[in-house]
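Input: a single structure, listed below in structure tokens.
The values are calculated or read from the model by the stated rules, or taken from the named source; none is laboratory data. Everything numeric here is computed off the predicted structure, so don't read it as measured data. Calculation scope for accessible area: heavy atoms of the full protein, side chains included, ligands and nucleic acids excluded. Shrake-Rupley method; radii C 1.70, N 1.55, O 1.52, S 1.80 Å.
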Amino acid sequence: MIRLTAHLHASCLSHVPPLKTHPIATRHADYHLRQAIASRALSQKGVHHRAMDPNKQQPQQELTRLVIIGDVHGAWSATADLAALKLLNPSMCIFLGDFGNEDVELVSQVASLELPKAVILGNHDAWNTMTPRRLRQPPPPLPGETPAAPANAVLEQLRLLGPSHVGFGACQVPGDHHVSIVGARPFSRGGKYKETIRAFIAGLYEGIDSEEASAQKIVLCTQQEMARGNSVVLVSHNAPLGCGNDPWSISGIDWTPGGGDHGDPDLRTALDIMTEQGIKVPLVLCGHMHHRTQGGGHRRMVHMDTNGTLILNAATVPRVRRAPAAAGQSPRKAVLPDSPEDPVTWRHFLCVDLQQGPSMGKVVSARDVWVAVSGPPQTLVAEVMQTQELVRQREGQAGTNWELWDAHLQRWSNVFIAEPKINDLSISSHL
């Protein structure tokens with residue numbers, strides 16, 4: 001039995017006006033999130049939901065909720081994360097890869113997850129296979145990770161995931177959402193399309209033997225899904241090229257002086273081709289570049305592209321942490337494997353709500369969410385403990401004013417997107 005509680009200590013996850021992030025000590029119930037959770041959670045067999053709202057239910061606009069799991073690196077529990085996901089009530093779960101160093105066992109657990117899901121594998125998921133072992137040694141596994149697996153583990157992961165792996169492919173969000181998840185090049189490690197990458201990808205995907213072929217495949221998959229009448233969300237293990245050269249940029253190089261852009265060039269080419277063709281992709285989801293830079297600062301995890309595409313990085317690592325020692329504190333930074341001695345863990349998710357109807361696929365809200373999961377496996381309790389808004393928007397006659405949370409500067413930046421025509425998008429930013 002999983003018990004989902006809704007006496008939440010944070011701002012809501014739905015489409016109400018943006019609120020500031022509240023610490024764990026806040027005790028006010030959140031009506032809108034409870035209603036969003038209750039819409040489906042009550043109908044799930046074996047799940048108990050406790051609401052504490054005295055108000056009457058208000059009409060809710062239809063939303064598509066994507067719950068994104070960034071770089072896992074071994075930090076996954078089939079029971080605790082399932083409890084958290086049921087609380088967040090996703091239309092689709094999206095995994096951005098790096099489960100471990102070719103960790104077949106963990107990928108098998110994810111493949112068995114009984115929720116709608118889309119997966120794109122990352123560079124660690126092909127750690128031994130993509131780059132010859134003579135060139136580099138695998139890093140020591142993080143707590144909870146299993147040691148690197150044999151070379152055939154890549155094919156085994158792809159077999160286990162089946163159609164839920166969307167690299168160079170797509171899947172639709174179930175139901176009447178009219179949203180498709182399209183995958184870019186899987187196993188990305190960022191940066192230039194080197195010979196080792198080219199040979200590895202060509203061996204797995206027939207005909208994709210160059211950076212240009214990769215870009216064209218991404219475009220083709222997007223065109224096919226839009227021909228179905230669906231809005232498209234692109235998922236990639238890494239962000240596209242062209243999102244900044246600073247070490248704290250969404251895909252900025254932080255391991256050498258002077259920074260640099262570590263984005264994927266083929267994904268950038270694909271986005272540029274689609275812009276020229278009048279194809280609007282409202283959202284790109286990525287990971288790979290962790291939220292803390294090697295210099296100790298925070299990475300900028302939100303970027304508005306010049307073509308009007310919102311890019312969100314979900315790689316908060318480690319994504320599982322100990323509960324804070326005191327009210328109002330952030331979760332501790334150490335990874336905690338599930339254990340009876342300290343059973344309370346906080347688990348990170350990125351929650352994105354997309355609009356349905358005339359503005360189908362437009363991002364309504366995006367939030368970093370920490371969910372606390374506690375109790376024995378038979379009676380797990382899941383609670384949203386902290387949220388951080390990442391985007392705000394206000395539509396005007398000439399376009400949309402966006403506010404983007406800049407984690408590096410710890411403040412909001414303003415971006416205006418003029419949208420009179422898809423081929424005449426303009427962007428201005430004021431920090």
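The heavy atoms of Arg228 present about 150 square angstrom of accessible area, all protein chains included, probe 1.4 Å.
For the range 250-291, the equivalent ellipsoid built from the Cα gyration tensor has semi-axes of 25, 12, 7 Å, listed from largest to smallest.
Counting only protein heavy atoms and using a 1.4 Å probe, the accessible area of Lys280 comes to about 60 Å².
Working note: Debye formula, equal point scatterers on the alpha-carbon atoms of the range 204-252, no solvent; log10 I(q)/I(0) at q = 0.20, 0.29, 0.30, 0.32 Å⁻¹ is -0.85, -1.05, -1.07, -1.12. Which of the residue pairs Lys194/Lys280; Lys117/Lys362; Lys280/Lys362; Lys194/Lys217; Lys86/Lys362 have a Cα-Cα distance greater than 22 Å in the structure shown? Exceeds cut-off: Lys194/Lys280; Lys86/Lys362.
Phi angles of the range 298-310 translate, via the Karplus equation with coefficients 6.51, -1.76, 1.60 and θ = phi - 60°, into HN-Hα couplings of 9, 7, 6, 9, 10, 9, 9, 6, 5, 8, x, 8, 7 Hz per residue; Gly and Pro are given as x.
Heavy-atom accessible area, probed at 1.4 angstrom with all protein chains present, ranks Glu114, Glu383, Glu62 as Glu114, Glu62, Glu383, highest first. Across all directions, the shadow cast by the convex hull of the range 213-330 built on its C-alpha atoms averages 9.3 square nanometres.
Amide H to amide H, with H built 1.01 Å from N, Asp98 comes under 5 Å of Gly122, Asn123, His124, Asp125, counting only residues 5 or more places away or on other chains.
In this structure Leu161 has an accessible area near 10 Å², from a 1.4 Å probe over the protein heavy atoms.
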